[in-house]
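Each reported figure results from applying straightforward, stated rules to the coordinates on display, with no laboratory input. The model shown is predicted, which means the values in this text are computed figures rather than measured ones. Note that we place each Cβ from the backbone using ideal geometry, even for glycine, and neighbour counts take in every protein chain shown.
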Amino acid sequence: MADLPYRDKMADNSNRAAEEEEDEEDEVVDESGYKTVKDAVLFAIDVSKSMLTTPEDADPKKPDTGLSPTIAALKCAYSLMQQRIISNPNDMMGILLFGTKKSKFQEGDDETGKTGLQYPHCYLLTDLDVPAAADVKHLRNLVNDEGEATDLLRASDQEVSMANVLFCANQIFTTKAPNFSSRRLFLVTDNDSPHATNRDARNSAAVRAKDLYDLGVTIELFPISHPDRGYTFDRSKFYDDIVYSAIPSDPDAPAPLTTDIKAANASAKDGISLLQALLSSVASRAAPRRALFSSVPFEIGPGLKISVKGFILLKRQEPKRTSYIYLPPDSEKPQIAVGSSTLMAEDTARSVEKVEIRKAFKFGGETVSFTEDELSKIRNFGDPVLRIIGFKPLSMLPIWANYKHNTFIYPSEEDFVGSTRVFSALQQKLLKSQKFGLAWFIPRRNAVPTLAAVYAGAERISDAGDQVMPPGLWIKPLPFADDIREPPAEIDLIKASDDCIDKMRVVVQQLQLPKAVYDPQRYPNPSLQWFYRILQALALEEDLPEQPEDKTLPRWKQIHKRAGQYVVEFGEVLDKAFARWQKDSGRSGAPGVNGGAKRSQPFGASGSAPKRVKKEGDEDAGISDEDMRAAFTKNALSSFTVAHLKTWLQGKGLSTTGKKQDLIDVVTGWFETKRDA
Amino acid sequence: MAQKEATVYIVDCGRSMGEHAHGRKQSNLDWALEYVWDKITATVATGRKTTLAGVVGLRTDGTDNSMSHDEDYEHITVFQELSQLLMPNLKKLSKDLVVSRTKTGDAISALVVAIQMIATTCKKLQYIRKIVLITDARAFVQADGLSSITKKIKDDNIELIVLGVDFDDLEYGFKEEGKDATKAENEEVLRTLCEDCGGVFGTLAQAIEEMSMPRVKSTRPVPSYKGLLTLGNPQTFDTALSINVERYPKVMQAKPPTASRFVVRGDMTTSQAATDASSATLNGDDGLAAVKSARTYQVEDEEAPGGKRDVEFDELSKGYEYGRTAVHISESDRNVTTYETTASMDIVGFVDRARYERYLEMDRACLIIGQRSDGKSTMALSALIHALYELDSYAVARLVVKENKEPRMLLLAPNIEPEFECLYDIELPFAEDVRSYKFPPLDRVVTVSGKTLTLHRNLPNNDLQTAMDAYVDNMDLSTFGKDADGQEVEYAPMDETFSPMLHRINQVIKHRAIFPTADPPPTSEILIKYSHPPQQLISQNQSTLNKLIAAAEVKKVPPKARGKRFGRKGRNGEADKPLSELDVTALLAADPKRSTKRLDPQNAIPEFKQLLATSEDESLTEVKEACIQLQTIISNWLRHSVGDSGYGRAIEALRVMREEILDYEQPELYNGMLRALKGDVLEGKLGGDRKDFWYQVRVNRLGLIRKSEMGASEVGDEEAREFMLVK
């Protein structure tokens, strides 16, 4: 076995997505390693004459409304591709056009040697794979460049066989995305009755659809209607034979929410363009639903267990980490270098098998070791479970009791029949009584046990009637006593007087966010957006973009207009109150707040940090701006200590890393730019 | 930086310490050592060079101390001078601290030795000085001249702790009956000494009991942001408000120590390794070598065998992956991807507390206070805190902790205590952080046919809802706890819950360091106290719970029925149908190609499943035949695989076959096939070296079907594990 080193790369393939969801501290990845937790989406876009026709009632002011359905679908795929590179960098995507005059299948299909002839009028525009920059570029050119589009986007005179289209998709999934846990075919068409007069052809299609179903491929239909031509897409004519419900045939079964996609209108009568409609339906299904855990029993009381699945609905999306790139000396094209690691003993540099490895803790300059068995016994606090130990009012859940994202749970009938109704009863009760369940939670075998608050989340519906937040329960891991930090000691509590508070209240009332709620959708992450914009520009060899609008910045002008006057009033009251306090307490404090009108000079000119008066006995006071400026002009910055420089820099929000000379450079830089301004 | 510390432990090792008093299983010394080891190992665990400890043995057979020329100081041995303690010291101490044959030895003299040790080491430097004396007080104590000792202890600012084996302690509630006169007298002497020098005097039982309460390590708060909190833009508007604030962590997860990977040194044989694993710490050299991971890098190269080629690390440079495209960023352009920001905390607006959803909280909470020494800022912040509180509102702010760090959105919530005010802040999600998964409503059912139902088997009926309401109300923990005065308080408040893993791991490490060959001690009760509902509460509400269980009518799905045959085919055992209920099975049967029951390699998986689903052959000949066909197809894929190109399909087919076979209770069909496949792989019959394929089989957990999975299997867990290894 020595010739079979442990390879990160392979483990990566099967576990990477899972690991993203896992806590880093958990060493054991359990059942999730079973199937590749990856998603593959293949767009199948109809290229018929009707799909290529631009709507007649297009609004010339809105170019989006003048798109043909095929182009709109391609634009939609283009936008999804860009988005998935950011959000699901390991997932695959492909685009298949059908009904085209031209035919094309995978290049170098070495196994069969068959060419496009096998699937006439199917044109594989982008093969199913993790998208490359070239794919993005190609697609962008296609949707923007009429020339290439007219050459490729020509409808065939013959009707394309739907059985062939489906089998073509089958082959793409089979060869390019084997063993994926999620494989989906996004089908965009305006033809509700292909093979209207040919029953055999329809039956063949139904058989090929069953093949896809048995292969584990889900078909998601995006139907298009043409109200301007009086045409409404009717699923029952053909597509109900093709599409499967995830739930067994039971007329009273709850409808899966994913089939509620309404046929998009090709014309923009209601003000929503086809592109927008498609984008929003695709967006609602863009993310494959991946369960974080599915075999953790939810024990509501001793003897009452139900089954639930856990999902991550909110998770910080981070920019990609750097990778190692290989630049071949003879080629322009950089390549990704894939790293793999071998374990080696430090003393002899021989490679080491996993079974030989012992776990040891560093202690007192040596190691204290345990066998694998002992350690797993020590780490074992029982089987995975979410066990309620009692209930408390939500008022006993302080706002600060949080240290990581919360997990959403939803019932499943998989292990216990009746789970859904019990879960529903609990959810409704917790919602109504504003209570939470305190629970002992072990999410995976050998995972760190935590106490968690199980609380209810209500269903949120947007104005347009779409579900924004699903109903269910949430698990909030609670901090232990070990995790709670004390505030720094020796804090002077200086309470504001009532008149100050009254003035501040007015300010707060002026600046409510829309509907007085925080809506994450309004705040794209500016660093992340910028990162990927730059990366895309580099990958596609485009010009670097301008700095985009940062939607997280406060609306300065509005704040000034709506609350400015009240802030000034607050400043005045505060000044008086503070003077009063100083007199009463016999102290002189450093004036640190600038309440608008009180200031004698504009803020920007002298730097935004407040001036501080050096007081006797106040070692923390640091260096004032004046002193620093004086030292700067005399070129005597080095006379300050590193600690003082750091304090001053921190007050300015500047970098405080590096050696003393680095700090001095930052200070120098700051004064130099200030003088210019 | 933590304060320097010097602690001397005086441990009575006299003959009487070997007794097993009051029916205890341990000797008095072992009992006392429980306390000593706990303290000493906790010191070792900090790994601090500035935390010193020394150990003095009292009533030892020998004598070894700086004043040994004086006969008053006989039978006192300095086992450990004041220094940072490491493993070798611990090993020596565990040999030193044993019961002696000696009856005499003066505790006060030992105290003088300890004072001397501290004076020599610490001089006049800043130290926290401490002496801990543990004794059963059965030997003669010379009580004159105590006042000078008291004075010295006070002058040197030494904290004296005296813990006695079975000392009387009325406050704790212990009184030893039939105490011998010497002990009673000595107890009195030591008690007076402690009182005079402001020390602590207690009985050992209490100290040991308190040990079971996990110690919470306190950490010095370090600000994560120091700067302005602004409302409005002070750069452009003169109506902006800016307050000097500091931000500190409120919650920070304390993680247990992590184990590192080691391997037994090359010069030791494997059999030795197995037996020495736990005793390795006994020897000075622990016999372990650290394990490093060596990384190698490969790039795709069509001309290289296997399609991949090794590249040297030196040849690589940094970049990013955009999809599957490599984007190289040269050294000079490194920060082109950085979004330029300046440190700031800006209020964006205010939200309603009642409409805020707790699930939006993304990260650990922090607290914000006015900058210390800046009274006016503190006052202004106080005004904001009170205004938010009075309006039942929270603020939303944008925070950049440092120049060029990414902005974060924060929720600011007011907190007012009598002596402390602050804003708590918690990170909120951005648009990209929200994954829009949709789930059906829980209070109504919308059917496939479009009807909305309020009565449905997935919805609770009145009985169930009433039972649930009663259960939730009765299982209330808000007043179930008892405080020291017996008043009703919250049960399991956060500051009385302790991280089980953290304390458990620390406990076993410390134990193993002292007792290398002993089994780890049991988990202390407090760590698992909250793993179950309090028994008393459950007993009180058993009838409510019974009603709930009856109304819930939850039935466990029998394990056998969980397979696809039942789950996927619907409850009535029919094959899956499309939305239109079209009888696809009939169409399949009519398909001439499929009626031959030959699997098409291109469509192998669907056809394999369909073949099995429609097979009505009781003798399972068809199923066996299908498996053989699929096995041939798998072998062909492997044989023609370029590099690993065919592995994915082969793995998928194996997985499907394994899942389907599990439903047929015919484990041998799969196991036999897998054995044959392994043979072919190892013999290189499938197009060369395919051992890396076997690795894939292993990580995908597609090994033999074990007896523990299915009763019909003959394969034990150990055999299955063995089988996966390639020898």
* If each residue's Cβ is checked for other Cβ atoms within 10 Å, how do B:Glu209, B:Glu300, B:Glu5 rank with the fewest at the top? -> B:Glu209, B:Glu300, B:Glu5
* Asked: Say each of B:Arg295 and B:Lys49 gets a label point 7 Å from the Cα, pointing the same way as Cα to Cβ; how far apart are those two points in nm?
  -> 3.1 nm
* To do: Could you line up A:Leu451, B:Leu133, A:Leu152 from fewest to most neighbouring Cβ atoms inside 10 Å?
  => A:Leu152, A:Leu451, B:Leu133
* **222 nm mean residue ellipticity, helices alone, for chain B (DSSP H n ≥ 4; -39,500 (n - 2.57); rounded to 500)** => -10500 deg cm²/dmol
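Can you sort A:Lys237, A:Lys176 so the residue with the fewest Cβ neighbours within 10 Å comes first?
Values: A:Lys237 15, A:Lys176 18.
Least crowded to most crowded, the residues run A:Lys237, A:Lys176.
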* Structure fact -> Length gained, B:Lys691-B:Glu553, 0.36 nm per residue minus C-alpha separation, equals 44.6 nm
* Asked: Looking only at region A:457-477, which residues have a backbone nitrogen under 15 Å from a spot 7 Å from the Cα of A:Ala283 in the C-beta direction?
  -> A:462-469
* Structure fact -> The whole-number value in µm²/s of the Stokes-Einstein translational diffusion coefficient for region B:219-437, with Rh from the Kirkwood sum over alpha carbon pairs at 10 °C and 1.306 mPa s, is 69 µm²/s
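Quick one: length gained pulling A:Leu553 to A:Ala458 fully straight, 0.36 nm per residue minus the C-alpha distance?
Contour length minus the Cα-Cα distance gives 31.2 nm.
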* Structure fact -> For region A:331-408, whose charge dipole is built from +1 on Lys and Arg Cβ atoms and -1 on Asp and Glu Cβ atoms, the candidate among A:Met344, A:Leu394, A:Leu375 with its Cα farthest towards the positive end is A:Leu394
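For region B:5-211, give me the percentage of DSSP beta bridges that are antiparallel, rounded to the nearest 5 percent. Spell out each step's value before the answer.
Values: 6 of 33 bridges.
Percentage antiparallel, nearest 5: 20.
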* What's the lysine pair count for region B:562-724 at a Cα cut-off below 15 Å, pairs eight or more apart or interchain? -> 9
* To do: May I ask for log10 I(q)/I(0) of region B:1-60 at q = 0.12, 0.22, 0.29 Å⁻¹, from a Debye sum over the Cα atoms as equal point scatterers with solvent left out?
  => -0.37, -0.88, -1.18
* **Pairs beyond 30 Å (Cα-Cα), from B:Lys318/B:Lys402; A:Lys583/B:Lys405; A:Lys75/A:Lys104; A:Lys309/A:Lys435; A:Lys62/A:Lys137; A:Lys359/B:Lys482** => A:Lys583/B:Lys405; A:Lys359/B:Lys482
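Let me know the whole percent of all Cα-Cα pairs from the protein assembly as shown that are separated by more than 48 Å. Let's see the in-between values first.
Details: 474118 of 984906 pairs.
Of all Cα-Cα pairs in the protein assembly as shown, 48 percent lie more than 48 Å apart.
Mean separation of Cα pairs under 8 Å and 6+ residues apart, divided by the residue count of chain B: what relative contact order is that in percent? Could the numbers behind the result be given before it?
Values: 1007 pairs, mean separation 54.0, N = 727.
Computed over chain B, the figure is 7 percent.
About its Cα centre, how strong a charge dipole does the protein assembly as shown have in debye, to the nearest 20, once Lys and Arg get +1 and Asp and Glu get -1 at the Cβ?
On the way: 180 positive and 209 negative charges, 379 e Å.
For this selection, approximately 1820 debye.
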* List the extent of the Cα atoms of chain B along each of their three principal axes, largest first, rounded to whole Å. => 112, 78, 72
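Given R₀ = 51 Å, FRET efficiency for B:Lys151-A:Asp498 by Cβ-Cβ distance, to 0.05? Before the final figure, lay out each step's value.
Values: r = 55 Å, r/R0 = 1.07.
In this case the efficiency is close to 0.40.
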* **Reach of B:Lys124 by Cα under 26 Å, taken over lysines that are not fewer than 8 positions away in the same chain** => B:Lys4, B:Lys39, B:Lys49, B:Lys151, B:Lys152, B:Lys154
* Starting from the Cα of B:Glu315, step 7 Å along the direction of its Cβ; do the same at B:Glu719; then give the gap between the two resulting points in nm. => 4.9 nm
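When DSSP assigns beta bridges and you keep just the ones with both residues in chain B, what percent turn out antiparallel, to the nearest 5? Show your work: numbers first, answer last.
On the way: 58 of 87 bridges.
Bridges in chain B are about 65 percent antiparallel.
Report the extension gain between B:Asp196 and B:Asp476 in nm, rounded to one decimal, defined as 0.36 nm multiplied by the number of residues separating them, less their alpha carbon distance. Intermediate results must be reported in sequence, preceding the final value.
Numbers: separation 280, 0.36 × 280 = 100.80 nm, distance 4.88 nm.
So the extension gain works out to 95.9 nm.
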* **Between helix B:621-639 and chain B: long-axis angle, C-alpha atoms, 0 to 90°, nearest 10** => 70 degrees
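What FRET efficiency would be calculated for the residue pair A:Thr53, B:Gln602, taking the C-beta separation as r and a Förster radius of 41 Å, to the nearest 0.05? Before the final figure, lay out each step's value.
Details: r = 36 Å, r/R0 = 0.87.
For A:Thr53 and B:Gln602, the calculated efficiency is 0.70.
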* Structure fact -> Quick calc: nm separation of the 7 Å Cα→Cβ label points for A:Asn144 and B:Thr447 -> 5.2 nm
* To do: For region A:325-379, divide the Cα radius of gyration by the Kirkwood radius and give the resulting Rg/Rh value with two decimals.
  => 1.28
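Note down the magnitude of the dipole of chain B about its Cα centre, charges +1 on Lys and Arg C-beta and -1 on Asp and Glu C-beta and zero elsewhere, to the nearest 20 debye.
Values: 93 positive and 112 negative charges, 402 e Å.
Using Cβ point charges on Lys, Arg, Asp and Glu, chain B gives about 1940 debye.
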* Please report, in debye to the nearest 20, how large the charge dipole of region B:367-469 is about its Cα centre when each Lys and Arg carries +1 at its beta carbon and each Asp and Glu carries -1 there. => 580 debye
* Say R0 is 22 Å: what FRET efficiency, to the nearest 0.05, do B:Thr454 and B:Arg355 get from their beta-carbon distance? -> 0.25
* Structure fact -> Rounded to the angstrom and largest first, Cα extents along the principal axes for region B:5-211 equal 45, 36, 35
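Rounded to whole Å and ordered largest first, report the semi-axes of the equivalent ellipsoid of region B:7-107 derived from its Cα gyration tensor (root of 5λ).
Numbers: eigenvalues 102, 74, 17 Å².
So the three semi-axes of region B:7-107 are 23, 19, 9 Å.
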* Using only Cα positions of region B:600-727, each an equal point scatterer, no hydration layer, compute I(q)/I(0) via Debye at q = 0.21 Å⁻¹ and quote the log10 values to two decimals. => -1.29
* Treating each Cα of region B:145-253 as an identical point scatterer and ignoring solvent, apply the Debye formula and state log10 I(q)/I(0) at q = 0.11, 0.13 Å⁻¹. => -0.61, -0.71
* To do: Specify which residue in the list B:Phe313, A:Asn198, A:Ile85 is farthest towards the positive end of the charge dipole of the protein assembly as shown, using unit charges on the beta carbon of Lys, Arg (+1) and Asp, Glu (-1), about the Cα centre.
  => A:Asn198
